[in-house]
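The values are calculated or read from the model by the stated rules, or taken from the named source; none is laboratory data. Since this is a predicted model, take the numbers as computed values, not measurements. As a convention, Cβ positions derive from the backbone with ideal geometry for all residues, glycine included, and neighbour counts pool all protein chains shown.
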Amino acid sequence: MITAIQNIASGYNRLRPGIRLRINDISIEWGGLFDTMNDWILHPDTTHGEHRVGRSADVGTSGLNRVGTCVNINRALLLGFINRFTTDVVFPHNDHYHARMR
């Protein structure tokens with residue numbers, strides 16, 4: 001998944017230089033609970049379970065430009081790179097795409 005995220009970001013940056021993508025909810029290196037806010041413990045079977053196994057990440061539809069200002073990401077372009085570098089269905093959410101590997 002790390003390689004896929006790097007490829008998505010690199011591909012997007014080639015066409016939109018200086019834009020950094022926002023990546024969230026990716027698991028820790030060997031899987032398991034990434035629980036810095038102590039909120040997944042309350043519902044471990046229903047929240048972010050897929051993110052714990054290292055095969056999914058959320059890719060934001062907003063990012064940062066060179067001066068650190070939040071900007072909208074070209075969704076069609078981003079989705080094209082996600083589909084190119086991941087192997088499973090991408091789920092759109094309001095502010096991100098849930099990308100995953102099988």
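The table below gives the values:
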quantity: Failed item in (1) in a helix (DSSP H, G or I); (2) surrounded by 17 or more Cβ atoms within 10 Å (Cβ to Cβ), with Tyr97 passing the rest; calculated: (1)
quantity: Pairs, first among the small types (Gly, Ala, Ser) in the stretch 76-102, second in a helix (DSSP H, G or I), C-beta under 6 Å, six or more apart; calculated: Ala99/Ile82
quantity: Residue identified as at pLDDT below 70 and either among the polar types (S, T, N, Q) or closer than 14 Å to His96 by Cα (or both) among Asn24, Asn72, Asn38; calculated: Asn38
